[in-house]
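The values are calculated or read from the model by the stated rules, or taken from the named source; none is laboratory data. Just so it is clear, the structure is predicted and the values come from calculations on it, not from any experiment. Areas reflect the complete protein model, heavy atoms only, side chains present, ligands, DNA and RNA absent. Shrake-Rupley method; radii C 1.70, N 1.55, O 1.52, S 1.80 Å.
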Amino acid sequence: MEQDIFIKYFTGKASPQEEERLLEWVSQSEANRNEYLEQHKVWDVLMLHREPEEPTIGFDQILNKSQNASKPKPTKKIIWLRELTKIAVVFVVAFGISWFLHAPPKQEIAYNTVEVPFGQRVKLTLPDGSSVWLNALTKLTYPAVFNEHERIVTLDGEGFFEITHHKDQPFKVRTPQHQVTVLGTTFNVYAYGNSPSFEATLIEGAVMVHELSHPEKQHSLKPGSQLFFDEENQQLQYQEVNPGDYTSWKDGLYCFNDISFGEMTKRLSHHFNTKIIINDESLLNYHNIYGKFRQNESITDVLDIIKAGMPFKYTYYKESNEIVIEK
């Protein structure tokens, strides 16, 4: 990360885009977080080293000083400053999470976490009045009160969002690998942390999607379209879809629309709380899986429909709640 971004952030002169870029970079790894703390330590040294009569220094002066801060003269004053810096670093660690979320350093942020069990669906209302449906095995974390600059929630699983419009307060859904940014719109996100699969399907409004590892690459969506992660090409792909096929789960109707056999069994496992073992990996290469089933149908009912057009058989072990699939 460029040093001038750190200084702009510490002095409150970073643009919203620069702040977002820095905070996302910090959240990506422990090494990035440690580097952030080191940069903040240098900044604290510069501020402590300024004489009382010295005028407030500007951004350019701070940047010049920070670039030379790694070679201080071994004076008693510098040794004393280093001891104070250790205290400053402890302060940064203690309140780092609050800073990363743009909250006042001494203000504790309360979070709510909702986890949906196997085979269930949950609807809830967020602090801003937005509503969200959560599918089975989904985890959503959100603050008890959104800050004035942005509304951020963290999703691991699948959610259908209906977001209230706030022009100056964008709504962001962060998943394990991606982020969806909106102002006010209706959309569906599928992103379980134990899988590289990702889908963002837009029903109304407009959204922007980017990978957390590449925030500079923005992808826009229009109603009736979808961005999905192509595991074969390892990149996001755009396609036009029937949104109802990807949102009907909230009404108890599940649709398979041109997905792979492996992805189908993964989704069945989420819904029915059943472990599915595939003994023949060649089955994973089958694509173009289509089908619809209702929530009250059994997993064997669904598999019976699917296998009518595919060369596989299965055995259901009721005692262990496992299904073994083979050719």
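Results, tabulated for the structure shown:
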quantity	calculated
Long pairs among Lys123/Lys275; Lys8/Lys123; Lys250/Lys318; Lys123/Lys318; Lys275/Lys327, criterion Cα-Cα beyond 29 Å	Lys8/Lys123; Lys123/Lys318
For the stretch 175-327, accessible area per residue (1.4 Å probe, heavy atoms of protein chains only), Å²	49 Å²
The stretch 234-307: C-alpha gyration tensor shape, a/c 1.5 cut-off, then a/b vs b/c	oblate
Mean-position separation - Cα centroids, the stretch 240-255 and the stretch 174-219, in angstrom	17 Å
Global form of the stretch 189-327, assessed from the alpha-carbon gyration tensor, a/c cut-off 1.5	prolate
